[in-house]
1. What ³J(HN,Hα) values, in whole Hz, does the Karplus curve 6.51 cos²θ - 1.76 cosθ + 1.60 give for segment 131-144 when θ = phi - 60°, with x put for Gly and Pro?
2. Just to make sure I understand: if all protein chains stay in place, what is the order of Glu371, Glu535, Glu454 by accessible area at 1.4 Å, largest first?
3. Per-residue accessible area for Thr14 at 1.4 Å probe radius, Å² rounded to 10?
4. Taking a cut-off of 21 Å between Cα atoms, list the lysines near Lys374, but don't count ones fewer than 8 places away on the same chain.
5. Tally up the carbon and sulfur contribution to the accessible surface of the chain as a whole percent, 1.4 Å probe, everything protein left in place.
6. Taking the Cα centre of segment 382-498 as the origin, how large is its charge dipole in debye, to the nearest 20, when only Lys and Arg (+1) and Asp and Glu (-1) carry charge on their Cβ atoms?
7. Per residue, how much accessible area does segment 545-658 show when a 1.4 Å probe rolls over the protein heavy atoms, in square angstrom?
8. Nearest 5 percent is fine: what portion of the DSSP beta bridges confined to the chain is antiparallel?
Amino acid sequence: MLIGADYYPEHWPTDRWPTDAKLMREAGIGVVRMAEFAWNRLEPQEGRYDFAWLDAVMKLQAKHGIRVILGTPSATPTAWQVAKWPDLLPVKADGTTFPFGIRKHYCPRHEGYRDACRRMADAMGRRWGRSKQVIGWQIDNEFGGIDFGAPCFCPRCVGQWRAWLRRHYGTLEALNAAWGTAFWAQEYTDWDQIVAPMQPVTSQNPSLHLDWRRFASDGIVEFQQVQVDALRPHVRGQFISTNLMGMFEDLDYEALATPLDVAGWDNYPIWAAEAVDPAMGHAVTRGLKQKSFLVFEQQSGPSGWNAMTGTPRPGQIRMWTWQSIGHGADAVLYFRWRACRFGTEQYWHGILQHDGLPGRRYKEVRQVAREVAKLSKALDGTEVRAPAALWHTYDVNWVIRFQPGCDKMTFWDEAKRFGKAFARRGIAYDVVTPKADLGRYRLLVCPHAVILREDHVEALRKFAQAGGTVVFTSRSGERGWTNIITDLARPGLLGKMTGCRIPEYDMVRQDKPGQIEMADTGRLYDAFGWCDLLETDGAAVVARYAAEFYKGTAAVTVNRVGKGRVYYVGASAEDAFYDDFLARLADEVKLPMLPPLPLNVEVLERRGKAGRFLIVINYTADAQTIDIAVTGKNLLGKGTRGPKIELEPYGVQVVQAR
Ligand code: GLA
Ligand code: ZN
């Protein structure tokens, strides 16, 4: 377990560096991330690399036992690079050029810049790839962080887009068929006729939109790969990673994470009213590699660019940190060490204020770092073992984003409905993509699986066949892989597996909900969103609609498939529905459950050779009393704890279960 900070020595006079290193050490900072925006200092003039200053900082830090994560600086091309390559600046969807100075001002397909990034990564790798002080690498910074994944619409990108389509479809005939260009006279007779979906044209062909999104994502994945390939031969015992953004969905994180050794993300929970938001970000990051991960940046002060959030309440920094660890983070680095006096992020505060004096937040970080250090021996090597997962492809997210279909549908809202229900019973879940090893789970929920490939369907069917439970929610099975709606009876390719048919659907606003009734308990729940009206074709009815002209029509069904079960949930509903439904599912597949927890209290578990460790966090500002169903050693204090546990506002307890 490591506690760390994001540090920008280039923002401070060199005579401050020793003080910083000393203060860091006193606070228990064991690792710093540096250099990810410092291209101008690392290569002040083309071809003249200057690494001496970074060596000097690292040397000071080494004296205090502080280790280092190095960022490659590709998120901020320098002024001299932009002057050299005016066509490096990306073209935005409205046709204007993205300006210098907001970072990410690069076209990811610019050959000259890709080569410069390759040379920089190679030079840095040569210099520090074998350093014992360096534990790993962060490539670039928050890929895709502007303008819906920062696709670039420059002529180079549009040219490559056409080549990409040619590679994927081979012939124009195939593309025309796959996209349905018969609609509105869109049939292409030459590849050069195909445009990129620029604004404000929002209603272009949905298949073109989806392919453009895939193409844009591929560009970033390739851009990252250039640097991974440059670093790989040099690094020894160091990880290569990048800082992702949790529920960010503009890029295909499955593809982006594939060449990385470990996943990591940036966690700013001050915006998250509910524990499920950071929890879902952790579950995404953990699910990408199905193992422990890092938090490259975590809130440690009030934040904002031009306007600020409030400051973290006493105890919040500590609680967020333990929440991250409880969800599987093996390192948590705070953003940032010290608030910067200049630049866009003057208001993005860190552990220290602008004046650099240790204050309340510094003391809280020191307290957490001490606790984490004390428990490291026990927790090192433990991990979160989730028995359940939420399954998706980024294509699902993209399709829903272009065409929500009904009022405000998003993939994540549906995912969070389940996430909250899992948390209420202390059940851990990963968020996974098709590359994941599904064999680890007993329960898979596929929220709004609107677009599917046959091999996805086959993998999910096999999972059920072998005894697992699969849950699909509304709109599932709607489309084939090129974003065309199925001509099979809905739910299309899922018809056989779900044992149901969907002859019709209704759109119901959340503020004017309908109702569903659970068949076995008679309990009623508000239901809304995209409501599929189900007809059974082998499946059994679990719940029925209780309102509207379709009162009595099936709303939730279950089908036996091999040794397992496949559910179809036709509508979205109020939280109580998910609580009851999930209790039923967990019971069927024998997942251990806690007595219901209050909202925004989490009981998280890491396991390993040393046993089971429960990390209990109170995300709320109110005291809470809960039942964790076990007793054990109180690792943050004395004596034993449980099964009843009292939590102060933002309180944390760590219990080693007997
Ligand atoms: C992101 C970036 C950081 C910083 C913070 C605060 O997470 O990775 O460089 O900009 O946001 O804005
Ligand atoms: Zn471009």
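1. After applying 6.51 cos²θ - 1.76 cosθ + 1.60, I find 5, 6, 6, 8, 9, x, 10, 10, 7, 6, 7, 6, 3, x Hz.
2. So, going from the largest accessible area down, we get Glu454, Glu535, Glu371.
3. In the full protein context, Thr14 sits at about 90 Å².
4. Cross-link targets: Lys22, Lys363, Lys609, Lys633, Lys638.
5. 51 percent
6. 400 debye
7. 43 Å²
8. Approximately 55 percent, going by the DSSP bridge assignments.
The values are calculated or read from the model by the stated rules, or taken from the named source; none is laboratory data. Since this is a predicted model, take the numbers as computed values, not measurements. When we count neighbours, we look across all protein chains shown, and the Cβ atoms used for this are built from the backbone with ideal geometry, even at glycine. Surface accessibility is based on the protein's heavy atoms, side chains included, excluding ligands, DNA and RNA. Shrake-Rupley method; radii C 1.70, N 1.55, O 1.52, S 1.80 Å.
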